[in-house]
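Participant: Attaching a single structure in structure tokens format; questions to follow.
The values are calculated or read from the model by the stated rules, or taken from the named source; none is laboratory data. Here the structure is a predicted model, which is why all the values come from computation and not from measurement. In this analysis, Cβ positions are derived from the backbone assuming ideal geometry, glycine residues included, and neighbour counts consider all displayed protein chains. Ligands, DNA and RNA are excluded from the accessible area calculation, which covers all protein heavy atoms including side chains. Shrake-Rupley method; radii C 1.70, N 1.55, O 1.52, S 1.80 Å.
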Amino acid sequence: SQELEQSPQSLIVQEGKNLTINCTSSKTLYGLYWYKQKYGEGLIFLMMLQKGGEEKSHEKITAKLDEKKQQSSLHITASQPSHAGIYLCGADNEGDDKIIFGKGTRLHILP
Amino acid sequence: EPEVTQTPSHQVTQMGQEVILRCVPISNHLYFYWYRQILGQKVEFLVSFYNNEISEKSEIFDDQFSVERPDGSNFTLKIRSTKLEDSAMYFCASKRTWLDTQYFGPGTRLTVL
């Protein structure tokens, strides 16, 4: 079965700094999702990547999919306190409908 | 912007009791899901539902669990006889078409005592 490994598990950065979170899959990636979860709350959809080399941006968050490496990265530029939370990557297999999630990366932003 | 809603936000129950968790998916969505997240662990898939029947279910989704879409708007998850290990956050999700993204609700925190 597919496993998603996220790194780092936890990240503390100073407000205004850039950061990157990685998600590596044990199998070929077909659909890769990034969600954000505030502590004890629901999952907020950020981005979906489907093609190798695809890159998407939303405000100060950019996500890329490296199909060959079976990896995706999420980059935040000039981090703000509102970026704090848990970032989850998820993937679905070709022909499959359910999303398999990684354990998440906890992001703390220091003022 | 349309959202998936879930009620209640928090449910406390005694072991062995039945619980029903309710979800209202986004109105024009056709695919529905339940996931759960035990505290400190991954979000795990439970079941998917389309065209009034279960499409897929995980090993977690045993005979104690059932889902229903009783009318055109609600989607429910029933746990027949709750166990301590059922304590978790339960998330409902929906999407419009097969290729779309799943949108998640805010979750119901279930505590089994």
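Participant: Which one of A:109, A:76 is within 14 Å of the chain's Cα centre (by Cα), over 26 Å from residue B:50 (Cα atoms) and away from chain B (no Cβ under 11 Å)?
Facilitator: Sole residue among the options that is within 14 Å of the chain's Cα centre (by Cα), over 26 Å from residue B:50 (Cα atoms) and away from chain B (no Cβ under 11 Å): A:76.
Participant: Can you pull out the residues in the stretch B:92-108 that are within 11 Å of the chain's Cα centre (by Cα) and more than 7 Å from chain A (Cβ to nearest Cβ)?
Facilitator: B:92, B:93, B:94, B:108
Participant: Can you report the number of residues in the stretch A:86-96 which are open to solvent by less than 10 Å² (accessible area, probe 1.4 Å) and either more than 15 Å from the chain's Cα centre (by Cα) or aliphatic (A, V, I, L, M) (or both)?
Facilitator: 2
Participant: Going by the conditions given, is residue A:12 more than 26 Å from residue B:45 (Cα to Cα) and in contact (Cβ under 8 Å) with a residue 40 or more places away in the chain?
Facilitator: Yes.
Participant: Being among the β-branched types (Val, Ile, Thr), within 12 Å of chain B (Cβ to nearest Cβ), within 13 Å of residue A:2 (Cβ to Cβ) and open to solvent by less than 50 Å² (accessible area, probe 1.4 Å): is that true of residue A:99 here? Quick ask: steps written out before the conclusion?
Facilitator: Numbers: among the β-branched types (Val, Ile, Thr): yes; within 12 Å of chain B (Cβ to nearest Cβ): yes; within 13 Å of residue A:2 (Cβ to Cβ): yes; open to solvent by less than 50 Å² (accessible area, probe 1.4 Å): yes.
Yes: the conditions hold for residue A:99.
Participant: Then there's this: Among strands (runs of 3 or more DSSP E) lying entirely in the stretch A:35-85, which contain 3 or more residues that are out of contact with any helix residue (DSSP H, G or I) (no Cβ under 9 Å at 6 or more places or on another chain), open to solvent by 70 Å² or more (accessible area, probe 1.4 Å) and more than 17 Å from residue A:105 (Cβ to Cβ)?
Facilitator: The qualifying strands (runs of 3 or more DSSP E) are A:55-58.
Participant: Against the conditions (1) among the hydroxyl-bearing types (Ser, Thr, Tyr); (2) open to solvent by 20 Å² or more (accessible area, probe 1.4 Å); (3) within 14 Å of the chain's Cα centre (by Cα), where does residue A:28 fall short? Just the number, please.
Facilitator: Condition (3) is where residue A:28 drops out.
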